[in-house]
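Report on one structure; see the data block that follows.
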Amino acid sequence: MSKSNEPFLWSLFGAGGMVAALFMPICILITAILAPLGLLPPGNLFALFGKLLVRLFLFVLIALSLFHWAHRFRFTLVDLGLKKAKTPIALVCYASALAGTLLTAVFLFGLWS
Amino acid sequence: MQSKEYVRPMPATWWLHNIHLKLFMIRELTSLFVAGYAVFLLVLISHGDDLKTFTDTLLCPTAIIFQLIALPFVVFHSVTWFNLTPKAIVLFRGEERVSPRVIAGTHYFLWAVISLLILIVVL
Amino acid sequence: MDKTITLEVFRYLPDQENQPRFQSYAVPYREDWVVLDALNYIKDYLDGTLSFRWSCRMGVCGSCGMMVNGDPKLTCAAFLKDYYPNPIRVEPLTNFPVIRDLVINFDDFLHKLKEIKAWLIPKEEKPVSTGEYLQTPAQLAQYKQYSMCINCMLCYAACPVYGLEPKFLGPAAIALGQRYNLDSRDGAKDQRADFISSSEGIWECTFIGECTRVCPKHVDPAGAIQQAKVINTQEWWLSFLMPWGKRGTHAK
């Protein structure tokens, strides 16, 4: 049996799972409850995007969350019976995550200095 | 004389067999909501150069409804994730294994601290 | 009038029938009886043609594993009183071919035990005259939990991944691999690495956790597998970042 490169993908899955677990609930609370209820002016959030540290944080959160999904979802589809298509499924999932990551980088680091 | 062995087929609905498997499947499907919110953030930041479209996206009713549905699933991800950390993080002090409660508890504590800090920064 | 309980037992008699069926038996209900007692009552008094494996009847030999109401159990540890008055459905362990009645073919499991080299391979051969291997309580603690495995295969019956992919090494084999890898007397981690860290080894596992739930000896094979994933990942990154080092597992 050849050496598996799964450890690399599992690292991304694990990092993404940890980051999403720690940071995502509070972010959803902010964007889905505090902002719409008027407890947080959208301008405040908008202004935060100017900060490099915030942009880096969002890049890590979005990119790793997408890779977490890609890895988990690809195994879920196999668990649900799509074993025969497991290689194309994996490719599509990781490619989507990569595409999302690149888009995020462009928006966060490409549009402003 | 070799008799024929009987091989039982595995049903496609295997994950409905008991509550643990159902909860497992829900846990796995939380990744869809994790990715969904990440995509929402992606769309949001794509309007990072225009306050008006940014605000429209932020306050869009469909987006809010999606997030409100996603929130319990993302919290379920967090809870199941932290509860499983002791399985992967195995630490010994001599003969004694560091209690799983301590490992999981540390993550919950971190979760609370981080959430509080982010709230402070944002508000 | 003595109380009775019904057992619905999976029957498969390949010499007579192509298809399996269920047969109902009414056995005496005793507070202290287990399902194995009921099966032995059936064989002794009701139907001598029923075939099943059992041995120690006290939860240490691993022979009497069967599906009881759809859950893998040691039948010597499944008490009738936990099911009474409802009928009890007894079937052979899932995910294994059935030879006859409740008897499964577990050659695949034995093959995997051999693949994983589930025995102690010392770092160097020492003659008996040099004395015993010394091991501290702390060193014992590293692997002791995984040494409790009685090879009962309930975890294989419970594992949907094994059901979907028979090539999967499986919970017990991986836990036993870990048991020896973590044993300070053992030196064969490299020999086991190819199987443990292959795509049919630990990386097939999606951490469903049923194996740990059903294990009668609290081995926690799911934990062993996650531990192995962490260790294998650390080694992968080390060999990726520092490829010049002959770091253990993937030197070829």
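All conditions in (1) assigned by TED's automatic domain parsing to the domain that holds C:S198; (2) within 22 Å of C:Q19 (Cα to Cα) hold for C:K117, with the sole exception of (2).
Can A:L61 be described as touching a residue at least 24 places away in the same chain (Cβ under 8 Å), under 27 Å from C:S198 (Cα atoms) and within 8 Å of another protein chain (Cβ to nearest Cβ)? Taking the combined requirement at face value, the residue does not satisfy it. Of the residues C:P14, C:P20, only one is in contact with a Ser or Thr (Cβ under 9 Å, 6 or more places away or on another chain), of a type outside the set (K, R) and open to solvent by less than 90 Å² (accessible area, probe 1.4 Å); which? Only one candidate qualifies: C:P14. Residues in segment B:44-97 that are surrounded by fewer than 17 Cβ atoms within 10 Å (Cβ to Cβ), under 17 Å from A:F49 (Cβ atoms), of a type outside the set (S, T, N, Q) and more than 7 Å from chain A (Cβ to nearest Cβ): B:D50, B:K52, B:D56. Of all residues in segment C:51-60, none are aliphatic (A, V, I, L, M) and either open to solvent by less than 70 Å² (accessible area, probe 1.4 Å) or modelled with pLDDT under 95 (or both). Only a single item in (1) open to solvent by 30 Å² or more (accessible area, probe 1.4 Å); (2) more than 17 Å from C:T75 (Cα to Cα); (3) assigned to a loop (DSSP other than H, G, I, E, B) is not met by C:Y45, and it is number (3). Is it true that some residue in segment A:4-17 is charged (D, E, K, R) and within 18 Å of the chain's Cα centre (by Cα)? No - not one qualifying residue is present in segment A:4-17. The set of residues in segment C:152-208 being in contact with a strand residue (DSSP E or B) (Cβ under 8 Å, 6 or more places away or on another chain), assigned to a helix (DSSP H, G or I) and either open to solvent by 20 Å² or more (accessible area, probe 1.4 Å) or not assigned by TED's automatic domain parsing to the domain that holds C:E125 (or both) consists of C:Y180 alone.
Filter segment C:106-127 down to the residues that are within 14 Å of another protein chain (Cβ to nearest Cβ), open to solvent by 30 Å² or more (accessible area, probe 1.4 Å) and part of a loop (DSSP other than H, G, I, E, B) and list them by number. Within segment C:106-127, just C:F106 meets the criteria. Does C:S51 satisfy being part of a loop (DSSP other than H, G, I, E, B), within 14 Å of chain B (Cβ to nearest Cβ) and not basic (K, R)? Yes; evaluated as a whole, the condition is true for this residue.
Considering segment B:78-123 alone, what residues qualify as being touching a residue at least 40 places away in the same chain (Cβ under 8 Å) and either acidic (D, E) or farther than 27 Å from B:M25 by Cβ (or both)?
Initially, segment B:78-123 is screened for residues touching a residue at least 40 places away in the same chain (Cβ under 8 Å), giving B:80.
Within segment B:78-123, none qualify.
Within segment A:78-99, the set of residues being open to solvent by less than 40 Å² (accessible area, probe 1.4 Å), within 13 Å of chain B (Cβ to nearest Cβ) and modelled with pLDDT under 95 comprises A:V78, A:D79.
Name the single residue that is nearest to the chain's Cα centre (by Cα) among those in segment A:33-44 being aliphatic (A, V, I, L, M) and at the interface with chain B (Cβ under 7 Å from one of its Cβ atoms).
Initially, segment A:33-44 is screened for residues aliphatic (A, V, I, L, M), giving A:33-35, A:37, A:39-40.
Narrowing the set further to residues that are at the interface with chain B (Cβ under 7 Å from one of its Cβ atoms) leaves A:35, A:40.
Values: A:A35: 22, A:L40: 24 Å.
Going through the qualifying residues, I end up with A:A35.
What do you reckon, is C:S63 of a type in the set (G, A, S) and more than 14 Å from the chain's Cα centre (by Cα)?
Details: of a type in the set (G, A, S): yes; more than 14 Å from the chain's Cα centre (by Cα): no.
No: the conditions fail for C:S63.
B:I19 falls short on exactly one of the conditions (1) more than 9 Å from every other protein chain (Cβ to nearest Cβ); (2) β-branched (V, I, T); (3) open to solvent by less than 80 Å² (accessible area, probe 1.4 Å), and that condition is (3).
Against the list (1) more than 10 Å from chain B (Cβ to nearest Cβ); (2) open to solvent by 50 Å² or more (accessible area, probe 1.4 Å), the condition A:E6 fails is (2). Restricting attention to segment C:28-42, the residues that are in a loop (DSSP other than H, G, I, E, B) and either surrounded by fewer than 18 Cβ atoms within 10 Å (Cβ to Cβ) or within 23 Å of the chain's Cα centre (by Cα) (or both) add up to 4.
The values are calculated or read from the model by the stated rules, or taken from the named source; none is laboratory data. Fair warning: this is a prediction, and the values are worked out from it, not measured in the lab. Heads up, the Cβs are rebuilt from the backbone with ideal geometry, glycines too, and the neighbour counts pull from every protein chain shown. To get the accessible areas, we keep the full protein, side chains included, count just its heavy atoms, and leave off ligands, DNA and RNA. Shrake-Rupley method; radii C 1.70, N 1.55, O 1.52, S 1.80 Å.
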